[in-house]
1. Kindly report the accessible area of the chain per residue (heavy atoms of protein chains, probe 1.4 Å, no ligands, DNA or RNA), in Å².
2. Going by alpha carbons, how many degrees (0 to 90, nearest 10) lie between the helix axis of 2-53 and the longest principal axis of the chain?
3. Sort all Cα-Cα distances of the chain into consecutive 5 angstrom bins from zero, then give the percent of pairs in each bin up to the one containing the longest distance.
4. Express the carbon and sulfur contribution to the solvent-accessible surface of the chain as a percent, rounded to the nearest whole number, probe 1.4 angstrom.
Amino acid sequence: MDKLQAVEERIAHLQRVVEDLSDVIARQDAELRRIGRHVGLLMEREADREAAEGAIPLADQRPPHW
């Protein structure tokens, strides 16, 4: 009976850890999506600024070693 209780306690602990990790992953996913949207907006803004200056967008320029 003592072994069974120890196993049940370990399972309960592991279930709690899995739930906690799932919450962490969900928060990280939301944060990464938010950051990705911000990076996209910043890239668009920079491309618009470069286009307004008449410069070739940095993304379309060849690296100097080419």
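1. Accessible area per residue: 98 Å².
2. 10
3. With a bin width of 5 Å, the distribution comes to 3, 14, 10, 10, 9, 8, 8, 6, 6, 6, 5, 4, 4, 3, 2, 0.
4. Result for the chain: 60 percent of the exposed heavy-atom area is carbon or sulfur.
The values are calculated or read from the model by the stated rules, or taken from the named source; none is laboratory data. Please read these numbers as outputs of a predicted model, since none were measured by experiment. Keep in mind that these areas ignore ligands, DNA and RNA; they rest on the heavy atoms of the full protein, side chains included. Shrake-Rupley method; radii C 1.70, N 1.55, O 1.52, S 1.80 Å.
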